[in-house]
Structure formats: structure tokens, C-alpha cells
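None of the figures in this text is laboratory data; all of them are computed from the coordinates on show. If you're wondering where the values come from, they're calculated on a predicted model, not measured in any experiment. FYI the Cβ positions are ideal-geometry reconstructions off the backbone, even for glycines, and counts take in every protein chain you see.
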Amino acid sequence: MGSPKIVLTASSTEASEFKHSVWQQMLSATIPFKYSKTFINPASMVNDSWPDGRAKYVPNGLRMVETLLLRDYGEDDVVVCYYENLDRFVGPETKVVAIHAHNPLGISYATDVYSKLGGENLMPLNAAEFLKIVNHPILAKHKPKIVVGGPGGWQLEKANRLDEFNIDYLIDGEIERVFSDLFRRILDGDPSLERIVKIPKAMQPTIDEIPVVRHRSTFGVVEITRGCGRGCQFCSPATKVGRSFPLDHIVESTRVNVSEGATEVMLTSEDMFLYEQLPNFGTNTDALERMFRAVLAVEGLETIQLTHITMAPVVKDPTVIERLTPLTVPYSHLKHDESTDPNKCITDPIIGLETGSPRLFEQFMKGKAYPYKAYQWRDVVLKGMEILNRHNWYPFNTFIIGLPGETDEDTKLSLDMLFDLRDSKGMYVPTWFVPLENTRMQKKDSAKLIEMSDLQWEFFFTCWKYNLEFYRGGTLERYKYSMGIPLYYRMLGRKLFGQGIKYPLYRLGGFPERLMRKHMYLDFSGIKRNKAGMKPFEKEIVPGFETVKGLNMVDASAMRRTADLPEPAAVAGD
Ligand code: B12
Ligand code: SF4
């Protein structure tokens, strides 16, 4: 048999589903390649292949590419494999090698900035792995066309590295509707085809145009919705039309994954509460319950993992969490000592909390709190967290530091919110603002580590102090006088980022708060984490429902209009 016409691949770090751990993946997105042997278990980068050398699991987006190709080409013509097997498949007859890019240069939010904590110009492991693929000698030998696509493809355009990597085509956006034609033009070398193809919003597929993937994906990703109508200006899924997948599509995708060896699926959404949503972002708990039951009934499936949710629906109707808990928490592979579940299970959906500043919230993301208003965000977060924790939902919360125009006052408000959350259960992961291509903030400047204020450093390291305490179950005392921290500060941190990081770093290291309190905004002296969790939040949340009519998922553009915000000055009197 000759070499296949089309070979699809993804880097080992992006394909990895080691121990079902999204942490492992996120680490490889952030840890510098130079230190990867210390921080990353090498076993996590070894992915399983079938006996014929094809990959067992790769990122879901690449499985979609494969599925679309299999409509026009046979299984012999389309092979999906890992880096290690490229030279087994790529040969003289191979016309195209297509590469998935989730975070190819490691410059998505959080990623390169975290790696810069270790020194300047350090390349995250994700980038090193991507580079290995494009520099593979077999590609130079047979010179197939190199096509790259996926959610992080924009990074290659932004960094202007298409020539360097010999990339012939970069495809940016949802491809289901256009791919057959596009791919034919690529194969034919159509001279009128641009090198960078951006799929316009009008060409985004309807739900009927999105097929069930043919083979198993990394983490067993099963899309339950695509797109989000809440309209946050920094966010790329906000530019996608909102759609819910039909139940049989979801169940079939689950079956495909399980039939090829997955014991867990990741039910993927920008916000799980958008699934079959009711008008005005109303949560359809009946539909969610039905969906979970149907997925859990798939024989061979043991556990499920969630991706994103938003906080407002949790607060608006706490029975949603109450009803979904028996269908999620006991089926999670995650455990925590403080869980009240009989098997100590917890679930950890990702929630973008972003900021504690109502001003920034109003300016950049007010749809996220709907039906609540920006000035209620802190209340919504506290109340929501209390409800979630009570049901053993310990979320993975993300913040954005350095939103354009962030002032010390804004950062103090984020610190206040963080302080209020000190007894909550979950992770707090600070990321830095990165203007993603094709978003409404694409022309804004990235946050820069070197420009971080003392307060922003305090926010950053206070989050990680919480995380250490939460995950290691330790108290501050356990980390007291941890030697690594002063060493890092003296040898590297101070030189790279200035003295502003000193006390926040020492807080992370567990140094006594009373010695540092006059140098920092938050004062934790005498405060210990209450393991019983957050106290029920008594304060009344002002209803403040906006009268936004006719919003629903299909009309995401309407939401963006309502989220078109007044200038900050006009907000001040709110
Ligand atoms: C599942 C998921 C994960 C999982 C699994 C990742 C994996 N490697 O498999 C986890 C949780 C581990 C993860 C981690 C990260 N993720 Co992620 N992830 C997702 C999520 C929720 C679903 C992805 C998915 O399957 N979508 C459905 C498929 C069909 O869409 P797709 O991948 O975009 O593919 C389509 C096109 O892009 C295209 N396509 C895809 N591949 C290819 C290849 C070729 C050759 C071509 C032509 C086309 C093509 O065709 C597909 C069909 O239209 C998305 C949000 C979302 N809903 O998309 C975020 C998302 C993609 N992730 C994101 C980010 C930032 C990350 C991290 C960098 C976060 C971090 N700081 O650590 C890491 C990077 C990890 C890594 N190196 O892989 C961002 C990307 C933002 C951006 N525009 O750059 C998103 C959009 C989340 C968000 N709300 O902002 N992620
Ligand atoms: S709530 Fe905002 S940040 Fe989250 S997916 Fe929707 S638009 Fe993006």
C-alpha cells in the first residue's frame, strides 16, 4: 500500500489525556520547555496508538476534520497519527499534512506569561511540541502541503510565522459547511485561494451540518452546545452563533468515544446552562437532566467531566444545582477530602469570574451576569459559590488581570472579592489579558508582566496561596518559611519583575501575615481558612433584571448589541 493522501496530526501535549487531567494539559500550555522534565511527567506525553499506528485519541476539532474528510475519501486515504508515527505514514503520495492547533505557540491567555515567570523568552512546552511537528524531517523530504487549523491557529498569523514553518494554509473558524470545497481547492492548488482562510460568521454551520465525529477524541469531548450569546468582548466563542446539539447527536458522540475505549466523556459547552435554553437565558433543567441521564446510560461509560458554566443561572435558580448534582458529582473522577459526597467526589466546572470591578465588568462583559447587573457581580459570585460548594461543586475559577484600563481601584475590588471568597472551595486561576484575534478586543494591548502593579501581584499570588491551601489541604503554616520562595525572589523574581512581587510571593510561601500586612492591601493576620466552607450568604441580591427582550441562543448578535456598553464615564453614576 502506498502512503495515504492525507495525514492528520496534533502535538503530543495537545493530544494527551493523561489521568483525565485537564491540569496536566494546562501545565503543558504554561510550563517552559526548559523546565518541562522537572514539572511534567514524561508519561503524560506518551499517547496510545492502535496496532496499525493510527492515533487512539486526538483533539476533538481534528476528529471533526477527519470526519468531514471521510465523506469524500476512504479510511486508507485519511490517517490520523501522532508525531512519533509521522514517518510511518507520510510518504511520496501524501498530498496534505493537516495539523491541529489549540495553543501552538503558547501565547494564549495565561500560557506564555506563566512561562515568563521562569525567565524571559522561554518557550512553553506546547510550542516546543508544535515546532517538533512542523520541523519533522519527513515533511521536508516529501513536501506535502501543510494545513493548520484549530482554535489557536490565529497565533501563527499574529506571530507572522507561516513562512518559517512552511505552512501553506491556515484555516481559521468553523469549517463544517465549507470544508469539502475548501479542501478540494487546497488539493488542486487553486491559485485564487488565500493562504489564510477566515471562515466568516455567515458560513458557520447550522447544527444539522455538524456531523457526529467518527472516532474517539482526547478526553472524550462531546459537544453539547457551541457558541455563546453573552457577548463578552474578550472571548472568541462569543463570536460564534449559539447552538444546542440534539440529544441523539450527544448520545451518539458518547457512544463513539466509549466504543473506542474511553471510560469518560467531557461534556463541552461555553456554558452548560445554555443547553436547550429557554428564552432570555432561562436554564432548561429538565432538558439538562434528560441529557445527563441519556449520556450516563451509555454502556461502558464510567465518569463524566464538565467544562464551562456561568454563575448567574446558579443564583437565579439554585434548584438547578440541586437537581443536577446527583447526575454529575457521583460520576466525576475527581475527589476532595472536604466533599460531603459518600465517595468524596466533586465536580469542577470552569467559571470565568474575570474581575471584581463592576466598572470593568460593565465595560467588557456585562452579558455574563445577565439577568443581574454589573454592580451585583460580587454578590452573584459569593452567593453562587456558596450554592455550588454546598453541593460539592468546587469550581475552577479564572480571573483576567490587566484588562485594558484596569486601575488600582479596580484591582482592589478584585482583591476584596477574593477576600470574601477565602472560605470557598475551588481553584482560583489568574490569567493575564490577551487580545484574541477575531474578538472585539483584538486591537487592545496584552497585559505585560513587567507592568504589573504591586496590587496585581498581590492578587496573583493570593490566588495561588488559596489554591495551595485548598488542594494540599494545608494551612499557611505548612508552607512557612518555604525556602524556594526567597531563593526565587533573590535569584530571578526581583530581577525580572522588580520588588513589587516580594511580599505577595512571601504570602504564597506562608510567611507570617502580621509581618507583611503594612506592605499589602489584604490583611490575613489571625485568619484561618474555615474548612466548613463559606457561610450562607444572607445579603439580599437586588433583582435588577434587565428588560432585554427576545434574547435567545439563535440570535447571539442581539446579545452582543445589548452588551454594547456605554463609555466608562457614563457608568460611574450607575
Ligand atoms: C475541550 C477544550 C479543552 C480541553 C481539551 C483540549 C485538547 N487539547 O483536546 C482542555 C480543558 C484540556 C483545554 C485546555 C486548553 N484550552 Co481549551 N477548549 C476546549 C473547548 C471547551 C472545546 C474544544 C472543542 O472540542 N470544540 C469543538 C471543536 C469542533 O471545535 P474546534 O476545536 O475549534 O475545531 C473546529 C475548528 O477550529 C476547525 N479545526 C480544528 N482543528 C483543525 C485542524 C485543521 C487542520 C483544520 C483545517 C481545521 C481545524 O474545525 C473544527 C470544526 O469547525 C474550547 C471551547 C470551544 N467550545 O471550542 C476551549 C478553547 C479552545 N480552549 C482554549 C484555551 C485558551 C485553552 C488553553 C490554552 C487554556 C490554558 N490557558 O491552559 C489550554 C491549552 C491546552 C492544549 N494545549 O491543548 C480557548 C482558545 C481561545 C483561543 N481562541 O485561542 C477556548 C476557545 C476556550 C475559551 N472559551 O476561550 N481546552
Ligand atoms: S460567558 Fe462570556 S466569556 Fe463565557 S463563553 Fe460566553 S461570551 Fe465567552
Arrange the following residues from fewest to most other Cβ atoms within 10 Å of their Cβ: Cys81, Cys345. Cys345, Cys81
The chain: angle of helix 408-420 to the longest principal axis, Cα-based, in degrees nearest 10: 80
Treating the angle as unsigned and between 0 and 90°, give the value, to the nearest 10°, between the Cα long axis of helix 60-72 and the longest Cα principal axis of the chain. 20
Cysteines in the chain that, by Cβ-Cβ distance, have no pairing candidate under 4.7 Å: Cys81, Cys228, Cys345, Cys463
The FRET efficiency for Thr319 and Asp72, from their Cβ-Cβ distance with R0 = 56 Å and rounded to 0.05, is 0.75
Region 6-207: relative contact order from alpha carbon pairs under 8 Å, six or more residues apart, as a whole percent, is 24
Cross-link candidates for Lys383: which aspartates and glutamates have Cα within less than 14 Å, leaving aside residues fewer than 8 places away along the same chain? Asp317, Asp420, Asp423, Glu538, Glu540
Using 13 Å as the cut-off for backbone N distance, which residues of region 244-287 belong to the label zone defined by a point 7 Å from the Cα of Ala297 along Cα→Cβ? 247-248, 251-252
Set the Förster distance to 22 Å, then compute FRET efficiency between Leu187 and Asp163 from the Cβ-Cβ distance, nearest 0.05. 0.50
With a point put 7 Å past each Cα toward its Cβ, work out how far Lys141 is from Val46 in nm, to one decimal. 2.5
Where a Cα-Cα gap under 25 Å defines reach, which lysines qualify for Lys495, not counting those fewer than 8 residues away within the same chain? Lys34, Lys37, Lys116, Lys448, Lys465, Lys480, Lys518
Degrees, to the nearest 10: 454-472 long Cα axis against longest axis of the chain: 80
Most exposed first, judged by fewest Cβ atoms within 10 angstrom, His249, His333, His391 run His333, His249, His391
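Cα gyration tensor of region 230-343, axes a ≥ b ≥ c as square roots of the eigenvalues: rounded (a/c below 1.5), prolate (a/b > b/c) or oblate? Can you show the working numbers first?
Details: a/c = 1.68, a/b = 1.23, b/c = 1.36.
Oblate, because a/c is 1.5 or more while a/b does not exceed b/c.
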Quick check on the exposure proxy: order Arg529, Arg226 from fewest to most C-beta atoms within 10 angstrom. Arg529, Arg226
